[in-house]
Each structure stands twice: as structure tokens, then as C-alpha cells.
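A short write-up of the structure that comes next.
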Amino acid sequence: MIRKTLLALVVLTLLALGGLYAWGLSIPATTKAERVVQFAATPEQVHARISDVRGQQEWRSDIGKVEVSGDGQRWAEFPDDGSTLTFRLIESRHATTFAITYKSSVGFEGLWRAELEPKGNGTQGLFVEEVTIPKPLLRGIGRLANPSGQHLDLYLKDLRRVTGSQ
């Protein structure tokens with residue numbers, strides 16, 4: 001009886017993994033999330049928060065620690081989930097643009113970009129996050145565990161809070 005139960009569990013596990021793999025094959029390797037957000041703060045203030053990577057562990061709810069290279073062009077974030085994200089600065093223009101690439105220890109990579117412009121007494125920001133998950137099985141698992149845009153939404157919630165824009 002125990003052997004049949006174990007065999008059934010193995011077969012069910014293989015079917016589930018096969019289903020996740022097949023679903024992952026049907027999902028595009030790269031997904032894109034875009035958000036337009038209004039801030040009560042000036043573009044200079046919003047850009048200062050975004051570009052101060054050393055200070056992000058103080059206001060982001062999902063980051064435990066940040067380690068920045070000597071030149072400030074590369075850094076690593078250590079989220080509370082135990083993973084590691086490494087970043088490289090692509091572009092930073094005062095009060096207008098901040099763009100980075102990133103790679104995760106759990107099998108995904110991407111591009112993140114913020115475009116800021118004055119709007120009324122504050123700032124309008126366009127935030128774009130592209131995530132690429134090359135392996136189909138990880139795409140299936142990733143889509144279940146972290147739907148497209150979920151991380152960006154958390155980041156923007158924290159950014160709105162710290163800029164007094166809620």
C-alpha cells in the first residue's frame with residue numbers, strides 16, 4: 001500500500017512539473033509591466049530617492065541589505081526572501097531618467113527604467129519593468145508565485161510612501 005501511495009505521489013509530481021513546463025513554454029520569456037504614477041514630490045526629489053541605491057534599504061519593504069561597488073555603478077540587493085539581485089546602472093540623468101539592468105540568483109533578469117517629468121506641483125513618472133525568465137519551468141513557477149508587475153507595484157507603493165505621495 002505504501003509503495004502504491006509513493007508511486008502515485010511521484011507520478012502526480014511529475015505530471016505537475018510537466019504541466020508547469022508546458023505552461024511555461026506557452027508564456028513569453030519576457031514580460032513587460034508599465035505604470036504611470038503621480039507624486040507630490042518634485043522630479044529632483046523622486047530621482048534622488050530612486051538613484052540613492054545605498055539608502056533604499058531604509059524605505060523599501062522588501063530589501064534587507066544593499067551592497068554597492070566602489071564606483072556606484074553596480075550593486076547587489078538582498079531581499080527578505082533570501083535571493084540576491086545584482087544591478088548595473090545604464091543611465092541616470094538628474095530629475096529625468098534612471099535605468100538599470102538586473103539579474104537574480106533565482107533565474108530571471110531584466111531591465112528597469114523610470115522617466116520623470118514635472119506635472120502640476122509634483123511629478124509624473126513612467127516606470128517600465130521588463131523581466132526575462134529563460135527556462136520554461138521557472139517561467140511557469142514564476143508566473144504563479146510572482147505575477148507580472150507585482151514587484152513593480154510594491155516598489156512604487158514604497159516610493160509613494162517615502163515621497164509623501166499617498
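General observations
- Spatial separation of Cα centroids for region 120-141 and region 1-75, in angstrom: 9 Å
- Here is how the number arises for the chain: DSSP H runs of 4 or more residues each give -39500 (n - 2.57), the sum is divided by the residue count, and the result at 222 nm is -11500 deg cm²/dmol.
- Qualifying trypsin sites (Lys or Arg not before Pro) for region 14-110 [loop in DSSP, other Cβ within 10 Å: at most 12]: Arg54
- Using a Gaussian network model of the chain in which every pair of alpha carbons under 10 angstrom is joined by a spring, one finds that among Leu152, Leu14, Leu144 the greatest mean-square fluctuation is at Leu14.
- ³J(HN,Hα), Karplus 6.51/-1.76/1.60, whole Hz, each residue of region 102-107, x for Gly, Pro: 8, 9, 9, 5, 9, x
- Estimated vicinal HN-Hα couplings, Hz - region 70-78 in sequence order (Karplus 6.51, -1.76, 1.60; Gly, Pro = x): x, 8, x, 8, 9, 7, 10, 10, 10
- Of the DSSP H helices in the chain, those whose Cα atoms cover at least 30 Å axially and whose Kyte score averages -0.5 or more: 2-26
- Gaussian network model of the chain, springs between alpha carbon atoms under 10 Å - residue of Val66, Val11, Val36 with greatest fluctuation: Val11
- With the charge dipole of the chain set up from +1 on Lys and Arg Cβ and -1 on Asp and Glu Cβ about the Cα centre, the Cα lying farthest toward the positive end among the listed residues Ala41, Tyr102, Val131 is that of Val131.
- When only the Cβ of Lys, Arg, Asp and Glu is charged (+1, +1, -1, -1), the dipole of region 2-162 relative to its Cα centre reaches about 600 debye.
Readers should treat all values here as calculations from the given coordinates under stated rules, not as data from a laboratory. Values in this document were obtained by computation on a predicted structure and should not be read as measured data. Don't worry about glycine lacking a Cβ; one is built from the backbone with ideal geometry, like all the others, and counts go over all protein chains shown.
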